[in-house]
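Below is one structure, written out as structure tokens; comments come after it.
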Amino acid sequence: MSKDVKPTRKNLMAIEDRIELSERGHDTLEKKRDGLIMEFMDILDQAQDVRSDLDDNYERAQRNINMARAMEGDVAVRGAAAALKEHPEITSQSKNIMGVVVPQIESTKVKKSLDQRGYGLVGTSARIDEAADAYEELLETIILAAEVETAMKKMLDEIEKTKRRVNALEFKLLPELHGAQEYIEQKLEEQEREEIFRMKKIKAKKEEDEAEEKAAETAEAEVETVPADD
């Protein structure tokens, strides 16, 4: 890039402006990257907790449903599940974290009381109630995990994108601009030295011409003052 730039003071000023702008952009992107990483670490901690809860709740739900099926039979369990009339409702909104739009998932009607589950108290047992409780809690955890995992992925993508932009400025554009700046400055210094040398030669030649002209005038004057022979 440096040798493709014409070494003029106008181009030098333009490159200096680009360097200043690029350095400001680099600093801004670095701050954004660091802020995103901090936010990502917070979400990562939350994700680890949610994953742990998800594993625990899944094991509990499986254990409770297996117990209910063993004690009450598949027919009773399927009948209780089929009695459910109101299904959970999921709504998705968005929130902004340092310029990154991440989902905010909300759910309603997940956890229900005994009378909201649709099956009567007669003909069911505490085993089925415990299994229903466990699966409702598991569903809430799944919804939260979906929100956290999606947010974490979006944050990670933005971090990688910001890191690439920081690296492009730091290791490509700025070195090229500084190289072009140095090249133009060197060329301008060479031109200045050449101009000074040229001016000195012109001045020396002028002084030499003036000296010769003065010497000629002096010689001519001396000839005129010499008396002519009688």
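Just a few scattered comments:
- Residue among Met38, Met67 that is assigned to a helix (DSSP H, G or I), farther than 30 Å from Leu173 by Cβ, open to solvent by 30 Å² or more (accessible area, probe 1.4 Å) and not acidic (Asp, Glu): Met67
- Residues of the stretch 95-114 that turn out to be under 30 Å from Lys161 (Cβ atoms) and surrounded by 10 or more Cβ atoms within 10 Å (Cβ to Cβ), as a count: 11
- Residues that are of a type in the set (D, E, K, R), in contact with a strand residue (DSSP E or B) (Cβ under 9 Å, 6 or more places away or on another chain) and farther than 20 Å from Ser92 by Cα are absent from the stretch 160-180.
- Against the test of being farther than 26 Å from Pro88 by Cα and of a type in the set (D, E, K, R), the options Lys200, Lys153 yield a single qualifying residue, Lys200.
- If the condition is being open to solvent by 30 Å² or more (accessible area, probe 1.4 Å) and farther than 11 Å from Asn64 by Cβ, then the stretch 128-146 contributes Leu139, Glu140, Ile142, Leu144, Ala146.
- Output for the stretch 31-57, where each listed residue is of a type in the set (A, V, I, L, M), in contact with a helix residue (DSSP H, G or I) (Cβ under 9 Å, 6 or more places away or on another chain) and either free of Cβ contacts under 8 Å to residues at least 40 places away in the same chain or within 21 Å of Ile159 (Cβ to Cβ) (or both): Leu36, Ile37, Ile43, Leu44, Ala47, Val50
- Yes/no for Thr28 being loosely packed, with under 14 Cβ neighbours inside 10 Å, touching a residue at least 40 places away in the same chain (Cβ under 8 Å) and not charged (D, E, K, R): no
- The number of residues in the stretch 1-31 being aliphatic (A, V, I, L, M) and not in a helix (DSSP H, G or I) comes to 2.
The values are calculated or read from the model by the stated rules, or taken from the named source; none is laboratory data. From a predicted model like this one, the values you see are computed outputs, not experimental measurements. Heads up, the Cβs are rebuilt from the backbone with ideal geometry, glycines too, and the neighbour counts pull from every protein chain shown. These accessible areas exclude ligands, DNA and RNA; they are computed on the full protein's heavy atoms, side chains included. Shrake-Rupley method; radii C 1.70, N 1.55, O 1.52, S 1.80 Å.
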